[in-house]
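The values are calculated or read from the model by the stated rules, or taken from the named source; none is laboratory data. Small disclaimer: the values here were computed from a predicted structure and weren't measured. Ideal geometry is used to build each Cβ from the backbone, glycine not excepted, and the neighbour counts take in all protein chains shown. Heads up: the accessible areas ignore ligands, DNA and RNA and are worked out on the full protein's heavy atoms, side chains in. Shrake-Rupley method; radii C 1.70, N 1.55, O 1.52, S 1.80 Å.
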Amino acid sequence: MKRTLAALAVAFACSVATSPTMAQDAAAAQTQPAPATAQPAPATTPTTTSAATPAPAATGTAPEGLVGPAPADKAQVVFFRPSKFAGGAIGFKVREGEQELGKLRSGNYFIAQVTPGKHTYTVHSEAKDDLNMEVDAGETYYVQGTISMGFMVGHPHLAPSDKATFDGMSSKLDKSN
Amino acid sequence: MPGQSFLAAGLAIPLASNTEWSSATLKPGDAVAMHVSEDVMLDERVVIPSGTPATGEVIDSQSGGAGGAPGKLSISARTIRLGDRVIALRSRLSAGNGVGKDRSNTALAVGFAVGVFAMFVHGSDVTIPSGTPMSAKLAQDTPFASADLPATPQP
């Protein structure tokens, strides 16, 4: 009985708090500046040598912040979940097929190194959400987990995100165990 | 490689969408049309002219659901078609034209609240207008024989 009441309380908290919170996320994301890491040279720059080449990375291979560079032969996917009161007591597992990649609680993140190509990541409680991605070797991708209101418990979601969003909240994130 | 110049793998190619893309109408597996949005130059000559057709593929497309579930739209770059020649692109399609600023970590994959593309989320669907600038990287070194390089028209 206590568990049922607790679940109802969580669902109610989600229903009154999730939408405005997510709207704040969207507004914040719109104002985020573009990431400022190294970039290949512009394609339209005339070249005077025999090859147009990307500019070398300015940061070398030293890890930046919480996320280091992806291995040359793998892609890495950073799954993170903002620290929020709504649905904060609910954790959810991120899976690919039957394989559990990690668990996301409020204010957590984890990094999965995966083979290049197409992947489908899944989270579920009483409802299921899939995220399909295609990833390249040597690249880092960001996926944000959120909770929206459900009938009895919150519904977890996975959505593609970006480095700027992750960096903006990285000081409040802890690595999942 | 005497007599041959090449665009190096990883070079950002500026692209733009030909039509509006919406999670309400696109399905995974659909092909989407793009074009090269600025001349790509090599040895002071245009090797891939602006307007050259390019293609992408829809990887994920979901309309938003009840309870605030976000809409999703993920599109991967595929190829540039230069006459009879097909030039491979890495799958990552990035926001912006890739020139001047690094946006390489903002993939063209849009959820509820995603970077510069959050502005394209209308209601529960994701809509990306026609002409939206983006970029993709060359998948491999792409040679051009010197004799094949067309002269760049002078203004």
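Taking the Cβ of B:Gly56 as the centre, find all other residues whose Cβ is under 15 Å away and add up their charges (Lys, Arg: +1; Asp, Glu: -1). Surrounding charge for B:Gly56 is +1. Put simply, the amide H of B:Leu82, placed in the peptide plane, has neighbours under 5 Å in B:Ile87, leaving out anything fewer than 5 places away on its chain.
Charges were assigned to the Cβ only: +1 to each Lys and Arg, -1 to each Asp and Glu. The resulting dipole of region B:25-64 about its Cα centre is roughly 180 debye. What does the charge count near A:Glu139 come to, summing +1 for each Lys or Arg and -1 for each Asp or Glu among other residues with Cβ under 9 Å from its Cβ? So the environment of A:Glu139 carries a net charge of +1.
Largest first, the three principal axis extents of the alpha carbons in region A:68-177 are 43, 31, 22 Å in whole numbers. Name the long-range amide H neighbours of B:Val32: under 5 Å, sequence gap of 5 or more, or other chain; modelled H, no Pro or chain starts. Amide H neighbours of B:Val32, under 5 Å, 5+ apart: B:Gly56, B:Glu57, B:Val58.
Judged by the mean number of other Cβ atoms found within 10 Å, the most tightly packed of the peptides B:10-19, B:81-90 leads the ranking B:10-19, B:81-90.
Counting every alpha-carbon pair across region A:113-169, the share separated by more than 13 Å comes to 64%.
Each chain gives up part of its surface: B and A jointly bury about 4000 Å² of accessible area, both sides summed, for a 1.4 Å probe.
Are any of the pairs A:Lys172/B:Lys72; A:Lys103/B:Lys72; A:Lys84/B:Lys137; A:Lys175/B:Lys27 more than 32 Å apart by Cα-Cα distance, and if so, which? From the list (A:Lys172/B:Lys72; A:Lys103/B:Lys72; A:Lys84/B:Lys137; A:Lys175/B:Lys27), the Cα-Cα distance tops 32 Å for A:Lys84/B:Lys137; A:Lys175/B:Lys27.
Among the residues of A:123-136, the average count of other protein chain beta-carbon atoms within 10 Å of the residue beta-carbon is 4.
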